[in-house]
Amino acid sequence: MTRPPTAAQRRVIDAADPDTGRLRGTETQLAALVQRGLAFRHPRPPHDHFLTPAGHRIREAEEPVPAPAEATGAGGVFAARIGGAQDAPESGPARLREVRGAWQGLLELRRMTNPDGALDRPCAWERTHLVQAAALALEAAGHPPAEPDSEEGYRVRATPQPEAVAVHESDGARLRACAATLEEAGWQVGEHTEPRGRTRYLLASPRRA
């Protein structure tokens with residue numbers, strides 16, 4: 001567990017731009033936040049500093065949240081709900097804050113790592129974490145994930161195909177809504193029918209251009 005940010009660091013975090021997470025502070029303050037994994041320095045001029053997903057969670061949470069030791073979601077300990085998992089986190093205000101912060105962090109990751117800084121196209125991290133990336137896009141858009149004992153809700157699963165995930169949803173209208181969300185998030189989506197059972201599902205891949 002890491003120490004919570006100092007009062008001065010917390011003021012810098014709290015004053016971050018609510019939309020972009022852009023920070024303003026002294027070079028010493030910003031460097032300290034970078035060192036603790038709460039901010040990153042943009043590689044392109046003017047080299048502004050922005051909150052990481054961990055920094056967003058600290059700003060949005062009622063209590064300080066320690067910086068994570070490693071990235072398992074869009075750059076933090078956050079993990080998107082893929083649907084059907086027994087140990088999935090419960091829904092609620094705290095979860096909504098986490099999802100919103102993780103999605104904002106993923107957009108910043110796109111800005112930072114895509115060669116042209118594009119926000120409408122998945123980045124390299126998403127291509128190596130396909131299930132989590134697709135699930136985050138769906139959860140952040142408000143689609144309900146499937147509970148372990150329910151057929152309703154989305155389920156995101158890996159496939160044998162490279163750079164492709166399958167998205168299952170028992171309701172046809174909700175399945176098409178998931179497709180629209182993924183397309184808006186920069187994924188190429190096609191609707192297919194399973195050979196057995198004739199069940200419709202989505203096959204989604206991160207768009208490259």
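The values are calculated or read from the model by the stated rules, or taken from the named source; none is laboratory data. Fair warning: this is a prediction, and the values are worked out from it, not measured in the lab. For neighbour counting, all protein chains shown are included, and Cβ atoms are generated from backbone atoms with ideal geometry for every residue, glycine included. Ligands, DNA and RNA are excluded from the accessible area calculation, which covers all protein heavy atoms including side chains. Shrake-Rupley method; radii C 1.70, N 1.55, O 1.52, S 1.80 Å.
Structure values in brief
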item: Global form of the stretch 109-152, assessed from the alpha-carbon gyration tensor, a/c cut-off 1.5; result: prolate
item: The chain - accessible surface per residue (Å², probe 1.4 Å); result: 53 Å²
item: The stretch 8-63 shape via C-alpha gyration tensor axes, a/c threshold 1.5; result: prolate
item: Whole-percent carbon and sulfur share, accessible surface of the chain, 1.4 Å; result: 52 percent
item: Virtual spin-label span in nm between R10 and R24, 7 Å along Cα→Cβ; result: 2.2 nm
item: Span-rule helices in the chain, defined as complete DSSP H runs reaching 24 Å or more along the axis (Cα) with Kyte mean at least -1.0; result: 93-113
item: Cα gyration tensor shape for the stretch 75-175, rounded if a/c is under 1.5, else prolate or oblate; result: oblate
item: Distance in nm between pseudo-label sites at H42 and S170 (7 Å out along the Cβ direction from Cα); result: 4.6 nm
